[in-house]
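Everything below concerns the one structure shown next.
Coordinate-derived values only; no laboratory data. Everything numeric in this text was worked out from a predicted model, so none of it was measured. FYI the Cβ positions are ideal-geometry reconstructions off the backbone, even for glycines, and counts take in every protein chain you see.
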Amino acid sequence: MTEITQVKRLFFALWPDPETRAQCAALSAALKPAGRPVHPDNLHVTLVFLGSVDEATEAKLIDAAAAIRFAKVSINFDKLDYWRRPRIICLSGKAEDSAAALLVEQLNTIAAALEIPTDDRPYQAHVTLIRKANRLPTLTFTPINWQADAFCLVESCSTPEGVAYRVLKTWQAYEDQPPIDSEAD
Ligand code: ATP
Ligand code: MG
């Protein structure tokens, strides 16, 4: 008998709050002449792309991700880039501190422990705004300060209307967790 295991296409990401999403969507709309804007619901920052993951491995990933302690992430997206090979226009920027890099490092470590190969190039935080782009128009814009107090495990679903992302799980940064009492009196 053949056992059927469900495989999902997964990645870890930062999900925007409504205001950040609106700011990115406005910028993406302004860039429309250069290509195909990413649907506002799909705007995100990839932390680690995992690819095809079976159910058992997904469960282990979720357990491992729940054990991660991480600080809030703040990235100032102040630059537009054109990436020639994937033909995208994306926002790029600098993290305010090491929180994003530390989170990405921890996520890569849990993926490696589960033998999931991940991108070994240096991490570059970006938000894809335009696909099928052929040029980078000149555009002056107000930098977008992306604040994240959580990260997510996301499923990438292909639909007849194009790719759609589904947030499967969200984990909060430790600043938002109630303090642990050192000693009960
Ligand atoms: P499609 O591939 O259907 O055009 P997509 O690229 O938006 O759509 P996915 O390929 O599922 O969707 O990718 C999900 C996220 O992970 C995107 O942000 C994508 O840029 C990123 N990603 C995909 N493949 C890789 C990879 N090999 N290394 C790093 N990031 C990746
Ligand atoms: Mg892709």
Answer residue from the range 51-73, given it is touching a helix residue (DSSP H, G or I) at 6+ places or on another chain (Cβ under 7 Å) and not hydrophobic (A, V, I, L, M, F, W, C) and is farthest from residue 17 (Cα to Cα) among those: 69
Condition broken by residue 26, with the remaining ones in (1) within 20 Å of residue 166 (Cβ to Cβ); (2) more than 14 Å from the chain's Cα centre (by Cα) satisfied: (1)
Scan of the range 45-94 for residues that are part of a strand (DSSP E or B), under 22 Å from residue 112 (Cα atoms) and in contact with a Phe, Trp or Tyr (Cβ under 9 Å, 6 or more places away or on another chain), ordered by number: 45, 46, 47, 48, 49, 50, 51
Filter result for residue 69 (closer than 23 Å to residue 162 by Cα and exposed (fewer than 15 other Cβ atoms within 10 Å of the Cβ)): no
Identity of the residue in the range 132-162, within 16 Å of ligand 1 (Cβ to nearest atom), more than 17 Å from residue 49 (Cα to Cα) and surrounded by fewer than 17 Cβ atoms within 10 Å (Cβ to Cβ), that ends up farthest from the chain's Cα centre (by Cα): 160
Any hit, the range 52-67, residues being touching an Asp or Glu at 6+ places or on another chain (Cβ under 8 Å) and within 18 Å of residue 173 (Cβ to Cβ): no
Any hit, the range 53-67, residues being within 29 Å of residue 29 (Cα to Cα) and under 15 Å from the mean Cα position of the chain (by Cα): no
